[in-house]
Structure formats: structure tokens, C-alpha cells
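The structure under discussion appears below in the form of C-alpha cells.
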Amino acid sequence: MDKIYLILFYTLWFIVKILPKFALKGFSNLIGILAFYIDKKHKKIVLANLDMCFENTLTKEEKLKITKNTYRNFARFGIDFIKNQNSTKDKILNKVVFKNEEIFINALNSDRPIIVQTAHFGNWELFSLAIAAKFGPVSIVGRALDSKSMDKILVKNRTQFNIELIEKSGAAKGVLKALKNKRAVGILTDQNTAKKDGIKISFFNKKALHTPAASIFAQKTNALIIPAFIYKNSNKKEEIYFFEPIDIKKFDKNEAILKATQLQADATEKIIRFKPDEYFWFHKRFKHFYKEIYE
């Protein structure tokens, strides 16, 4: 199976390298539309999630449009991932702008550890590259791909510009070490968790499980949690938006983990409402409490 993945990847890599920019946009749209019509399994999950989150606020036609754009966007992100291999800091930073960057700069100047809480939203592979290129060393928590060959390619791309990868399984030691060494740590916190790993929060006014990992690490290290996300702005530029820091030490110790985790969920919900077609709707976010919507 690894060989098949590699053949597909390098075929796509070759196409991306030879096509001019105007043709590449049409090619990515074509891939997205084909996936939209072929991938019935995940399209059903996307629509179920949209029904949960937007209920009667969006029409069926609007939800289908968001679904179609979601496929198009992730085809675009995949092509951009290929283009970003062996890139330079200048090329990466030329692709992005930063909104409220003074929030992150002030956090860096505070000399406190920093946890960047983000989500599978927008071009998140570009997100970590841009943060590292602009602000310095970053460590990110993630899970290795099942395909070892593809994982090597992913790791090579993700570790540019002094980015450290911390394996999600047993990540605690690596995260604590990174925070101690003043490396900003990026954690994606938007997916459903196993019951033992999550706590109940409100997400789009629905019950959901949410990882408290960022909150726990912040409490242990006195770190600031900064929600931040990347999306395509009205000028067709990738924009990284920083929310106000979540300072866990301001909460009562008995409620701090829950409150800080809920604020992370709130920030994620806010950015999804702003650009719903850039969210990774393909996972079963509400599976624990509303399993029946995916059947």
C-alpha cells in the first residue's frame, strides 16, 4: 500500500511542478469537485456535522455549497503542501499576513511558556511553517501517519525552520521539555476524543468531548494559551489570526481546566462560524453524545 501512496504522491507532485499557476487553480478545483461526488461516505459525515452546528440557520443548498467548497479547499491545501516542500522563510512569509500579532509578541516578551491552540482549520500545514518562520522555534504535537513512506514526507515538510515534532502518543514528556526550553508548543484540539481523554464542553450549543491537554500543560507550567487560526482572507491572502490569551492562573484552581478548555472550544467555534468551508468537517466531532447522526 505504501508504494501506491508514493506513486500517487509523486504523480501529483509532478503535475503540480509542471502546471502554470492559472492551470493549477483549475486542477485543484477539479480534484475537489471529483472528490465531492465520489466520496459519499465522508460527504455524509460533513453534512451531518453541518446539520448539528447550523441546524435551521442554513438551508440545505447552503450546506451543500459549504460541503463542496470544503472539498475544493482541501484539494488546494494538499497542493500547497507540495509547493511548500524545501521552501524558504521568505517564500512562506510572502504567503501570509498576521492579524493581532502584537498578542503573540507580547506573550513572547512576557517570558512565560506559550501554547498555541489551533484546529484542523484552513491551511494548518502552512500555519506552523509561518509561525516558525516569523517568530522562531516551534514544537507541534501530532500523530504519525499509518503509511511510513508518506509519514517521512510529512515529517520532512513539517520540520522546516526549527520545527520539532512531538508524537501524540505519550507526548507529555516532550511537551513539558519544549515549554521549559521556551519553545512555543502547537496543539490541535478540535477533534472528538476517547471518553477517558476528554471532558464535556459545549460546542455549537451541543455536548462534545474536548481534549484538556493544552489546559493541563498550561496549569503545570504557567503557560499562556493563545488560540490562533489560519484562513484565506478577503484579499486572497492566508491570514493568521491571534485571539486574546487564555491565562489559566486567573481561574479558580478547581474550575481552571474546564474553563480554559471551554474558552478554546469557543474560539474554535467562532472561527468556524466565520469561515465554515475551511474547517475539517470530515471527522465525527459529535460521535460520543450523538452517535446516531453518523449512522
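The values are calculated or read from the model by the stated rules, or taken from the named source; none is laboratory data. All figures in this text were calculated on a predicted structure; none of them were measured in a lab. Note that we place each Cβ from the backbone using ideal geometry, even for glycine, and neighbour counts take in every protein chain shown. Note: accessible area is taken over every heavy atom of the protein model, side chains too, but ligands, DNA and RNA are not part of it. Shrake-Rupley method; radii C 1.70, N 1.55, O 1.52, S 1.80 Å.
Contact map, segment 107-121: residues that are part of a strand (DSSP E or B) paired with residues that are open to solvent by 40 Å² or more (accessible area, probe 1.4 Å), Cβ distance under 6 Å, separation 6+ or inter-chain. Pairs shown: T118/L188. Within segment 255-275, can one find any residue that is in contact (Cβ under 8 Å) with a residue 60 or more places away in the chain, open to solvent by 30 Å² or more (accessible area, probe 1.4 Å), of a type in the set (S, T, Y) and touching a strand residue (DSSP E or B) at 6+ places or on another chain (Cβ under 7 Å)? Scanning segment 255-275 turns up no residue that is in contact (Cβ under 8 Å) with a residue 60 or more places away in the chain, open to solvent by 30 Å² or more (accessible area, probe 1.4 Å), of a type in the set (S, T, Y) and touching a strand residue (DSSP E or B) at 6+ places or on another chain (Cβ under 7 Å). When we screen T221, T211 for residues that are open to solvent by less than 50 Å² (accessible area, probe 1.4 Å), farther than 25 Å from N162 by Cα and not hydrophobic (A, V, I, L, M, F, W, C), the only hit is T211. Among the residues of segment 85-107, those that are over 14 Å from Y241 (Cα atoms) and hydrophobic (A, V, I, L, M, F, W, C) comprise I92, L93, A107.
Conditions (1) farther than 28 Å from K270 by Cα; (2) in contact with a His (Cβ under 6 Å, 6 or more places away or on another chain), marked per residue:
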site: N162; (1), (2): yes, no
site: S169; (1), (2): yes, no
site: K173; (1), (2): yes, no
site: L176; (1), (2): yes, no
site: R183; (1), (2): no, no
site: K195; (1), (2): no, no
site: I201; (1), (2): no, yes
site: K206; (1), (2): no, no
site: L209; (1), (2): no, yes
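Checking the stated criteria, V138 turns out not to satisfy the condition of being touching a Gly at 6+ places or on another chain (Cβ under 7 Å), open to solvent by less than 30 Å² (accessible area, probe 1.4 Å), in contact (Cβ under 8 Å) with a residue 12 or more places away in the chain and closer than 26 Å to R273 by Cα. Considering segment 159-179, the residues that are free of Cβ contacts under 8 Å to residues at least 24 places away in the same chain and within 15 Å of A144 (Cα to Cα) include one that is least open to solvent (accessible area, probe 1.4 Å), namely T159. Within segment 18-38, residues that are closer than 9 Å to Y71 by Cβ reach partners that are among the basic types (K, R) and open to solvent by 40 Å² or more (accessible area, probe 1.4 Å) with beta carbons closer than 6 Å, at six or more positions or on different chains, in the pairs G32/R72; F36/K68.
When we screen F81, F54, F104 for residues that are open to solvent by 20 Å² or more (accessible area, probe 1.4 Å) and of a type in the set (F, W, Y), the only hit is F81. Would you be able to say whether some residue in segment 228-235 is surrounded by 18 or more Cβ atoms within 10 Å (Cβ to Cβ) and either without any contact (Cβ under 8 Å) to a residue 12 or more places away in the chain or farther than 26 Å from L126 by Cα (or both)? Checked against the condition, which is being surrounded by 18 or more Cβ atoms within 10 Å (Cβ to Cβ) and either without any contact (Cβ under 8 Å) to a residue 12 or more places away in the chain or farther than 26 Å from L126 by Cα (or both), segment 228-235 yields no hits at all.
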